[in-house]
Amino acid sequence: MSEHGTVAQEAPDTRDGPARNDELLTVAALAQRLRENIGRVIVGKDRVIELVLVALLSEGHILLEDVPGLGKTVLARSVARSLGCSFKRIQFTPDLIPTDITGITFYNQRSGEFEFRPGPIVAQIVLADEINRATPRTQSALLEAMEERQLTTEGVTLQLPSPFLVIATQNPVELEGTFPLPEAQLDRFLLRLSLGYPSEREERAILDRFEAANPLADLTEVASAEELTAAARAMTAVHCEGIVRDYIVKIVQATRSHTGLELGASPRASLALFRASRALAAVRGRPYVVPDDVKALAPAVLPHRLILSSSARLRGRDAAGIVDEVLGSVPAPVLE
């Protein structure tokens, strides 16, 4: 099996086949419980829920781009309640400063010592609401937390809890008074998703479901944070053939030579697509990755990591359309 630089550093999995398969069956059962529980609140968004589970198992973060009122906050709260995880919501505004997110060190007159009061980023599920309303300096306060899963303040490093998931939201329509996310920040998000409007049937189901009470209030824990952490570790047991790894690399390489792009995807994008594909295979109950897993995830993993050329922008093209072109131009391998 061919190896590439981004994955060759992983330690080989020495467990036997049956043990690995049993472990992955447990992951699939865990994903099914979470999918069904979250689906009690979120109507008709099975694919989005599945991709949230992929992010959790890949230990990645999510950027939700949608207009207000489509259930972004409800989705984040449903995930936290289903896992029994701590949940914090940060409302980003232009006057927010980094210490409002990370926390502050203050002098306790009673004890006569300096103490650290952690900010809302110290939680297992963090909703960064309307992240593009904060200044770039404040947005950058999330970078270390998202990438390193730790905070450094006043020379002291604090490890963040596990699991740790940031779900950031931004309104793609209302741009007045906002600060576009820099490329370095966007690259930290494993997936960029959109809930979208419900269909007529789904919207009617929402009215019926929320008629008497909010189902979120009665949502119970169906899995523990410890189970999820163990499931994330089990992703190394998902097999990915060399030709599928080559397929991932060829897709990413194709973005770097596309005439409509000024900047293609980085090696971090290859690794993100690789990890997410293994997680999607496990969620769908398979111990191996197929090319369709890669195809299904590329539209959520790649577009926000690409920079359009000026000519492409003038022609009204977008990154999502270019990713579709790349997927159409790179032949998918056939597994025996």
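Here, each number is a calculation from the coordinates, and none is a lab measurement. In this text, all values refer to a predicted model and were calculated from it rather than measured experimentally. Because the Cβ atoms are built from the backbone with ideal geometry, glycine has one as well, and the counts that use them run over all protein chains shown.
With just the Cα atoms defining each centre, how far is region 259-317 from region 143-163? Give it in Å.
Here the two parts' Cα centres lie 27 Å apart.
Nearest 5 percent is fine: what portion of the DSSP beta bridges confined to region 18-237 is antiparallel?
Roughly 40 percent of the DSSP beta bridges within region 18-237 come out antiparallel.
Using only the alpha-carbon atoms, what does region 213-336 span along each of its principal axes? Please give whole angstrom values in decreasing order.
Taking the Cα atoms of region 213-336, the three principal extents are 51, 46, 21 Å.
Over the chain, how many pairs of lysines fall under 20 Å by alpha carbon, counting only those 8 or more apart in sequence or from different chains?
Summing the qualifying lysine pairs gives 4.
Tell me, what is the percent relative contact order of the chain, built from C-alpha pairs under 8 Å that lie six or more residues apart?
Relative contact order here is 23 percent.
Toward the positive end of the charge dipole of region 235-311, about the Cα centre and with charges on Cβ (Lys, Arg +1; Asp, Glu -1), which of S257, G285, L306 goes farthest?
Looking along the dipole axis, the top candidate is G285.
Which net charge results for the neighbourhood of V330, defined as the other residues with beta-carbon distances under 12 angstrom from its beta-carbon, given Lys and Arg at +1 and Asp and Glu at -1?
Spelling it out: positives minus negatives among the neighbours equals -1.
What FRET efficiency comes out for the pair S194/F114, r = Cβ-Cβ distance, R0 = 30 Å, nearest 0.05?
With a Förster radius of 30 Å, E is 0.10.
Compute a Gaussian network model of the chain, connecting alpha carbons closer than 10 Å, and tell me which residue from R33, R275, R317 fluctuates the most.
Of R33, R275, R317, the Gaussian network model singles out R317 as fluctuating most.
Using alpha carbon centroids, what distance separates region 69-134 and region 175-233, in Å?
Answer, in whole Å: 17.
Once label points are set 7 Å from the Cα along Cα→Cβ at both V74 and E154, what is their separation, rounded to one decimal in nm?
Here the answer is 4.1 nm between the modelled labels.
With springs connecting C-alpha atoms under 10 Å apart, model the chain as a Gaussian network and identify which of L96, L314, L64 has the largest mean-square fluctuation.
With Cα springs under 10 Å in the chain, the top fluctuation among L96, L314, L64 is at L314.
Toward the positive end of the charge dipole of the chain, about the Cα centre and with charges on Cβ (Lys, Arg +1; Asp, Glu -1), which of N108, T26, L327 goes farthest?
L327
How large is the translational diffusion coefficient of region 36-135 in µm² per second when you combine the Kirkwood radius over alpha carbon pairs with Stokes-Einstein at 20 °C and 1.002 mPa s?
Values: Rh = 15.5 Å.
Diffusion coefficient, whole number: 138 µm²/s.
Only four residue types carry charge here, +1 at the Cβ of Lys and Arg and -1 at the Cβ of Asp and Glu. Report the dipole size of the chain about the Cα centre in Debye, rounded to the nearest 20.
I would put it at about 200 debye.
May I ask you to order 72-80, 193-201 by the average number of other C-beta atoms within 10 Å around their residues, highest value first? Display every interim value, and only then the final one.
Values: 72-80: 22.3, 193-201: 14.0.
Packing proxy ranking, top to bottom: 72-80, 193-201.
Kindly provide log₁₀ I(q)/I(0) values, in the same order as q = 0.21, 0.31 Å⁻¹, from the Debye equation applied to equal alpha-carbon scatterers of region 85-138.
Values, matching the q order: -0.78, -1.15.
Per residue and in cubic angstrom, what volume does the convex hull of the Cα atoms of region 18-237 have? Let's see the in-between values first.
Details: hull volume 33.8 nm³, N = 220.
In region 18-237, the Cα hull volume divided by residue count equals 154 Å³.
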